[in-house]
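Since the structure comes first, as structure tokens, the remarks are kept for the end.
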Amino acid sequence: MGETFRVSVRELVAFRYFPPDIAPMGSVEDMLAGTAAHQARENALAAEFEIEKPIRAQVMRGEHQVTVFGRMDAFCAGDIPTVHELKLCFTPPEAPLPEHLAQARLYGALLALGEPKEIIRVQVAYVNAQGIPQRVFTEEAPRDALLLALEDMLAAWFAVALPERLRERTRDESIKNAPFPFAGYRAGQRELAVQTYTAITRKRRLFASLPTGTGKSAAVLYPALKALPAGKTRKIIYLTARTTARQSPLNALEMMRAQGMRIRVSTLLAKEKMCPTPVRCHPDDCPRAKGHFLRQPDALHELFAMDVAWTEERIAEAADRHMLCPFELALTLCDYADVTLMDMNYAFDPFAQVARLFKRRKDFTLLIDEAHHLLDRVRESLSGSLDTRALREYRAAVGKAIGRKHAYYKQLTLLYQALRALQAQDDSPARQEPDAQTACENSGEPHADGAASHAEHQREATLTVSENEIAWREAALWAAQAGQPEPDADGRISQRDTLLHAPPPALAQAAQTAWEATFTLLEGRAVSGELRALSWQFIRRISPFIFAAKHYDARYAALLSIRGAERVLELMCLSPAEWIASVTKGLRGTVFFSATLAPLEAMRQLLGGTQEDACFALASPFPPENLAVVRRRVQTRYAFRQESAARVAQSIQEAVAARAGKYIAYFPSYAYLALVLRHLDESSLPALLVQESEMTEEARTRFLEAFTQDDSPKLGLCVLGGLFSEGVDLPGEQLIGVMIVGVGLPTPSFRLRVLKAYYGARFGDGFLYAWMIPAMHKVAQAGGRVIRTERDKGLILLLDDRYYDARYARLLPEHWQLTDEHMGAAVRALYGGEDT
Ligand code: SF4
């Protein structure tokens, strides 16, 4: 029986017509200008044409059936049906580009297959960023010629697609028969595997909180791979927040391959890390960029023939052999791999998104490891800012290079002036009581009673959306005012953080115009290499701002920071949930998992999930009696740090003395770490290792090797939320205890106050969502370093009186059984009669 295939018109065209060289920054152009120009032009055509009209047709190739599908930009029926293809272009070409004409002709061919018309009119229109046609090319194509063009492109594509399909059949057979890669399931692994498979078959999201040591990589990868032969998914993308976190899934995949799974695995590393010759990605500057796509097929054939994972090392070697850009080669391999491991940015950052995977298809599965990082990562990528200082410097460089009379310089001046003219809005609500909770949590005052504020939050949670928006903006405005410096003797406020209702339209327009003018400038041949590089930097900086301005709504805040004459305007995304939801909607399952995804329902909300998406929490697979968690009352709030440093030092010494071994103490800041260090009696301590704010790769390795390679007792002093508090695997005697100083709350900032106000209006308890949950994730991650295997035993010492507060305590991992104050007894209970 024949196979069935589906291929889009775009894929067919891209298969045949590709540029020989790597060209820079296509995605930004696509995203911002292309979409806007399309919309503008389509609106203009809407009276006569059908817009975005889907089309499909079936074609037989021998016994195999191919469905070709696509969407015409505009279509007009009539005696001669007309296909209209729109392309954004800053300088229109003299003749239609072959790939554009081919695309329009393919739509024409699909029309011809469905209608007995002898002639189809095919138009390619080049439009500017406002959607105004700059040049239109029209041809009246005979039916036979169109069908010949379709056959020609299909034949070339099919010559590769059919062998690929046969490989998939072999792969599927190998997966069907493959056992779970370990001798047996650990506690909870089978349940997680079942939940993952269910999420894939139902095309839903799953939010899973899994203690460290569950073997989560294998437990999500195995069912996802099993879904391939069942036709439930086409591909698996495994996302992590850090490159080092890929080792565990790579190991699991290697085991599965060793047990007979014929799967292709690839990794995608950041361009900066893969690039061997960091210059501009342009054929004029990088010899690898020139002719890359002409040389790439040979490298692909070579890699296809290797029965190994396409790791960055192997990709780099192949790229060297064929003089290719390794990053571009790795991107192409994503298309051919069954499983690709990559950073979460490649799925969610609109400017880094791997377009060929995430913008065009939905038939793959996302496995998101370390999902607790996703919220902040997506928030940052959806936010953008403009800064007078940076703008002034760029404008000065432009003036020097092309003169101040140049139109481009004047555009930048208009933007600069619009930004510089921003003032605080003085229609803020009257000043109310200060933001007591946030202030006291960090200054040391007792905070407001939880029960009273909860009732109030419940009432707020019943507000309508628009009322909510008003509520949070007002709350944020007075929170901002509460932190403002007093006016000087002349009544002027020279430093101020404030909230604007929205980015001023004139400023947003000036930014858009400057952005377009930068592209026009770059198209000119007279631009020097240095100015060219600066201009690309400018585009990279301004693009997120324009993106945020275009998406600005109640889920954004416009934060204006005034420092004397300088202005920084940040359009901050408050809720990335909707973006995450849109990226993951309709996929063949998305699994968000982490050791710290609690509280699960709250994290589901924050990460764009709905009631229909499952939540799944696993208990720790390790004996609870192997972990002692002691909390001790210490005031670690900022105002009390001088007084509490000695008690913190004494508690650390006591813990280390209770049993000889390797420990790490985590501090809320480098300053507090240094303060406590002065109080430590080093003569009674094991060798000290201190984390520094800037550490080279070698220094980091040395730090960890002191724990992994040397058996003598150690005490590491580190910062909570830093390099060594997450993703560090120190099993057995490599680490037998951690001390966590403070509750991990972030340093107060205007951004956080605004976020708190927003979450307060939306969910009822802004402090919980904006401050406490992320803080306790850091605490749980640091504590999670202690028990890594079923044989590990260890101590977690929590130094802060807030661990006695039920609101904090309930956010700690469930399997942490808290003991109060007395460390000696806890350690004795832990080790029983063992020699301490
Ligand atoms: S090798 Fe480096 S400079 Fe050249 S195209 Fe690739 S990433 Fe850009």
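Packing, as the average of other Cβ atoms within 10 Å across residues, places the peptides 309-316, 757-764 in the order 757-764, 309-316, highest first. In the full protein context, the stretch 138-289 carries 44 Å² of accessible surface per residue, based on a 1.4 Å probe and ignoring ligands, DNA and RNA. Each Cα pair under 8 Å and six or more residues apart adds its sequence gap; the mean of these over the residue count of the chain is a relative contact order of 13 percent. Karplus-derived 3J(HN,Hα) values for the stretch 799-807, using 6.51 cos²θ - 1.76 cosθ + 1.60 with θ = phi - 60°, are 10, 4, 6, 5, 5, 8, 7, 4, 5 Hz; glycine and proline are entered as x. Other residues with beta-carbon under 15 Å from the beta-carbon of G188 carry, at +1 per Lys or Arg and -1 per Asp or Glu, a net charge of 0.
The overall shape of the stretch 120-162 is oblate: from the C-alpha gyration tensor, with semi-axes ordered a ≥ b ≥ c, the ratio a/c is 1.5 or greater and a/b is no larger than b/c.
With the helix formula -39500 (n - 2.57) applied to DSSP H stretches of n ≥ 4, the chain reaches a computed 222 nm mean residue ellipticity of -13500 deg cm²/dmol. For M739, the residues whose amide H sits under 5 Å from its own are I664, A665, Y666, L797, ignoring neighbours fewer than 5 places away on the same chain, with H placed 1.01 Å from N.
Tell me whether the stretch 129-203 comes out rounded, prolate or oblate; compute the Cα gyration tensor, take square roots of the eigenvalues as a ≥ b ≥ c, and use a/c under 1.5 as the rounded threshold.
Working: a/c = 5.10, a/b = 2.13, b/c = 2.39.
In terms of gyration-tensor shape, oblate.
Looking at the P(r) of the chain, how many percent of alpha-carbon pairs lie beyond 34 Å?
Value for the chain (Cα pairs over 34 Å): 60 percent.
Taken about its Cα centre, the stretch 96-239 carries a charge dipole of roughly 1160 debye when the Cβ of each Lys and Arg holds +1 and the Cβ of each Asp and Glu holds -1. Charged neighbours of I652, selected by a Cβ distance under 14 Å, balance to +2 (K, R count +1; D, E count -1). Sorting the segments 209-222, 184-197, 807-820 by their residues' average number of neighbouring beta-carbon atoms within 10 angstrom, most packed first, yields 209-222, 184-197, 807-820. Considering only Y769, G742, G824, the residue lying farthest towards the positive end of the dipole of the stretch 708-824 is Y769, judged by Cα position with unit charges set on Cβ. The trypsin sites (Lys or Arg not before Pro) found in the stretch 638-676 include none that occupy coil by DSSP while having at most 13 further C-beta atoms within 10 Å. Dipole magnitude for the chain: about 760 debye, using +1 per Lys or Arg Cβ and -1 per Asp or Glu Cβ, origin at the Cα centre. A crude spin-label estimate for the pair E814 and L148, with each label 7 Å from Cα along the Cβ direction, gives 7.0 nm. The ratio of the alpha-carbon radius of gyration of the stretch 549-609 to the globular-protein estimate 2.2 N^0.38 Å is 1.53. Nearest 5 percent is fine: what portion of the DSSP beta bridges confined to the chain is antiparallel? In the chain, approximately 40 percent of DSSP beta bridges are antiparallel ones. Accessible surface calculations at 1.4 Å, restricted to protein heavy atoms, place the stretch 695-753 at 41 Å² per residue. For the chain, with all protein chains in place and a probe radius of 1.4 Å, 52% of the accessible heavy-atom surface sits on carbon or sulfur.
Here the Karplus curve 6.51 cos²θ - 1.76 cosθ + 1.60, taken at θ = phi - 60°, turns the phi angles of the stretch 713-727 into couplings of x, 9, 10, x, 10, 10, 9, 5, x, x, 3, 9, 10, 8, x Hz, with x standing for Gly and Pro. Over the C-alpha atoms of the stretch 231-317, the Rg to Rh ratio, Rh being the Kirkwood estimate, stands at 1.02.
The values are calculated or read from the model by the stated rules, or taken from the named source; none is laboratory data. Everything numeric here is computed off the predicted structure, so don't read it as measured data. In this analysis, Cβ positions are derived from the backbone assuming ideal geometry, glycine residues included, and neighbour counts consider all displayed protein chains. Protein only, heavy atoms only, side chains kept; ligands, DNA and RNA dropped before computing areas. Shrake-Rupley method; radii C 1.70, N 1.55, O 1.52, S 1.80 Å.
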